[in-house]
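Have a look at the structure below, then the notes.
FYI, it's all coordinate maths here, none of it is from the lab. The structure displayed is predicted, hence computed values, not measured ones. Glycine also receives a Cβ, built like all others from the backbone with ideal geometry; neighbour counts cover every protein chain displayed.
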């Protein structure tokens, strides 16, 4: 990444992208060709809203929760701190404290692996303890991003970390790619699509390094 340049940290949406078991896989097809229409190619996609890099709206896990269009887009734009927790299988308050996050940090992005975008859906992911939510909220965090398909164990039905983050006003960004991203301070843009009644949305997530003093007045 060149100094000051934007880096894409999104998974590529392609027909073999990993997806949640039994959920709708992503597919793209050229539905109408230029030869058929006489003027243009027209593509069609089918997908779950939770495949690849995406945000969860609270409605995803609670029936009275906000939907995508209810969310302030400013949640997904601004300073973010990437921290490398790839050596740990359990992410708890004690671990996060060791990174000495500053009060006023608004967006925390957890790098749990040094690998490229996944080619298969994982069988197990690091555990993010629910109690990190009030700790992060106490620092001023409004968005937690992860390079995982979920902030809860893959077999969880209670989704305790989802609910605790929501209770503490922290929104969720999942499926990021940090393979060659070094820890540090960045500017993040990860805008959801304006999907009416959506419980989530794919995003194109990009970051660029923050210079000294950048983002302080956000």
At a threshold of 8 angstrom on Cα-Cα distance, excluding pairs fewer than six apart, so keeping six or more, what relative contact order does region 86-218 reach in percent? 23
Given [x] 18.8, 64; [y] 17.8, 62; [z] 16.1, 50, the label whose value is Rg and Dmax of the Cα atoms in Å derived from this model: [y]
Put in order of increasing Cβ neighbours within 10 Å, starting from the fewest, 110, 154 give 154, 110
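Could you sort the peptides 20-27, 137-144, 8-15 by per-residue average Cβ neighbour count (10 Å cutoff), highest mean leading? Please report the intermediate quantities before stating the final value.
On the way: 20-27: 12.4, 137-144: 18.0, 8-15: 15.9.
Listed from highest to lowest mean packing, they are 137-144, 8-15, 20-27.
By how many nm would the segment from residue 124 to residue 41 grow when fully extended, if each residue of separation counts as 0.36 nm and the alpha-carbon distance is taken off? Walk me through the numbers on the way to the answer.
Details: separation 83, 0.36 × 83 = 29.88 nm, distance 4.02 nm.
Length difference between fully extended and current span is 25.9 nm.
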FRET efficiency (residue 100, residue 62; Cβ distance; R0 41 Å; to 0.05) is 0.80
Computed over region 20-119, the relative contact order (Cα-Cα under 8 Å, seq sep at least six) in percent reads 19
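Could you put 163, 60 in order, starting from the residue whose Cβ has the fewest other Cβ atoms within 10 Å? Don't skip to the end; give the middle numbers.
Working: 163 17, 60 21.
Ranked by crowding around the Cβ, least crowded first: 163, 60.
Is the shape of region 71-174 best called rounded, prolate or oblate, per the rule: a/c under 1.5 gives rounded, else a/b larger than b/c gives prolate, else oblate, with a ≥ b ≥ c the square roots of the Cα gyration tensor eigenvalues? Let's see the in-between values first.
Details: a/c = 1.38, a/b = 1.31, b/c = 1.05.
Verdict is rounded for region 71-174.
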Say each of residue 197 and residue 93 gets a label point 7 Å from the Cα, pointing the same way as Cα to Cβ; how far apart are those two points in nm? 4.0
So how far, in whole Å, is the C-alpha centre of region 85-108 from the one of region 167-216? 17
Stokes-Einstein D for region 1-67 (20 °C, 1.002 mPa s, Kirkwood Rh from Cα pairs), in µm²/s, comes to 143
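Would you mind putting 78-84, 52-58 in packing order, based on average other-beta-carbon counts within 10 Å, highest first? Display every interim value, and only then the final one.
Working: 78-84: 19.7, 52-58: 25.6.
My ranking of the peptides, most packed first, is 52-58, 78-84.
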